[in-house]
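Accompanying notes for the structure given below.
No lab work stands behind these numbers, since they all come straight from the coordinates. Not measured: the values here are computed from a predicted model. Cβ atoms come from the backbone with ideal geometry, glycine included; neighbour counts cover every protein chain shown.
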Amino acid sequence: MSILLIDKRKSIKSNPLSALYSYLSTAFALLFFISSSIQLTAQKLRCTHDAVVSSIDDNRLKSENRSTFILQVVVHVVWNQDEENISDERISNQISRINEDFNKLNEDIDLVPDLFQDLIGNAEIKFELAKEDPFGTPTNGINRRQTDIKTIGSTLSSDQKEVIKYSTLGGIDAWDTNHYINIWVGRTVEVFGLTATLSSAGTKDDGIIITPEAFGEFEDDSSITNKGRTLTHELGHYFGLIHLWGRDNGCGTDDDGIVDTPEQERPYSGCKIFPQVSCGSVDMNMNFMDFSNDTCLLFFTNNQVQLMRDVLTTIRSGIIVSDEDIFIPKPLEDIEISVHDNTLLIRPASVIDGPVFIEFYSISGQPLHKETLNILNDHRINTNYLPKGVYILSIRTANQRFTDTFAAGF
Ligand SMILES: [Zn+2]
């Protein structure tokens, strides 16, 4: 693992913006965590990373006149086995996922406990696959290359370069990192994703590596990374956030520097029942900067959002394509739902054109039902098999969403 612990901090001292930040990373914090924990499990960690952290002026959160930033993304798929050559469709649904997560439009946002509802932040950042390459040639924003290297996402050259980021070493060169968010998809070991530190901004090494089994959304009940949240988390790092527990596990040691995230002792895994407590407060293990399973990562806080936008508008301002207001999903109105005779009836006021994605979850976030309709008219779903309880229904179209709860099993 030590091969990943490249100290990229040195150049930041010459960065005039570094004065914005109260302190610097002491390198990649998970050295401790990895050495103490990874031997206990064969499972991959969410990621390894630590960056720069700053305090946020709470007053500014309410006063800033925000617009949505539009950023360009290029995805470099470097594959060895066929299944690592992920489809365009999966790349597209990954982009949809981050657009929902960074615009507070994720269908599972209602699963955030009441205690934290007021803290949910809306980053108002929109991601698009690049439409032109650095030479002005039209592109779909996706590059592909086959490689002989089985775990290219974790392979370093003899001079400590990340091989996946260099075409001469078998990977794919970054597109100008001052203008594109570069994401490499390639098999890694030990972690699902990793992000270059902020001090690498604008260099050939800047960007994010994600292993294919944690990229995009796909059907696999045994997967803990099938909802595309690894990239949401890594983008948090890309915009300057660190993990909730700070660099070191423990209470009273260090923290993430974010005022509205409670102090937390250590990362969580799986999907823990609410509430979990450490360091004398209820933990926010459903925050995107934790290590919970994808289905249980739900939101950024207001102060996290402010830090990300600060980093975006300073250190990373070159990647902003536009800050014009753009079209984002609006609430779907006028849908009635009711449950009779073990049947959930969904009744829109008028027919809704598809595709319409219908899902529901248990209160703890377990997905129970998923289907796609060509149009939505009166629609019935059998709830016979559900235990007595309250469930969360999500209905989405390409540009609208609806969420409500219903009781079943009575
Ligand atoms: Zn991380």
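If you add up the charges near Val75, with Lys and Arg at +1 and Asp and Glu at -1, over every other residue whose beta carbon is less than 11 angstrom from its beta carbon, what do you get?
Values: positive: Arg90, Arg144; negative: Asp88.
Here the count lands on +1.
Using a ≥ b ≥ c from the Cα gyration tensor of region 261-391 (square roots of the eigenvalues), is it rounded, prolate or oblate, where a/c under 1.5 gives rounded and otherwise the larger of a/b and b/c decides, a/b for prolate?
Oblate, because a/c is 1.5 or more while a/b does not exceed b/c.
Determine, for each peptide in 126-139, 250-263, the mean count of other beta carbons within 10 angstrom over its residues, then list the peptides with the highest first. Walk me through the numbers on the way to the answer.
Working: 126-139: 13.7, 250-263: 18.3.
So the order, starting with the most tightly packed, is 250-263, 126-139.
Apply the a/c threshold of 1.5 to the C-alpha gyration tensor of region 218-290 and tell me whether it is rounded, prolate or oblate.
Values: a/c = 2.52, a/b = 1.43, b/c = 1.76.
It is oblate, given that a/c is not under 1.5 and a/b is not larger than b/c.
In region 143-242, what GluC sites (Glu not before Pro) fall in a loop by DSSP, with at most 14 other Cβ atoms inside 10 Å?
Loop-located and lightly packed - Glu219.
Which ³J(HN,Hα) values, rounded to whole Hz and listed in residue order, are derived for region 189-195 from phi using the Karplus coefficients 6.51, -1.76 and 1.60 in 6.51 cos²θ - 1.76 cosθ + 1.60 with θ = phi - 60°, glycine and proline given as x?
Each residue's phi maps through the Karplus curve to give 10, 6, 10, 7, x, 8, 10 Hz.
Applying the Karplus parametrisation 6.51 cos²θ - 1.76 cosθ + 1.60 with θ = phi - 60° to the phi angles of region 206-212, what ³J(HN,Hα) value in whole Hz is obtained for each residue in order, glycine and proline being reported as x?
6, x, 10, 10, 10, 6, x
Using a/c under 1.5 as the rounded threshold, could you call region 103-164 rounded, prolate or oblate? The axes a ≥ b ≥ c are square roots of the C-alpha gyration tensor eigenvalues, and prolate needs a/b larger than b/c, oblate otherwise.
It is oblate, given that a/c is not under 1.5 and a/b is not larger than b/c.
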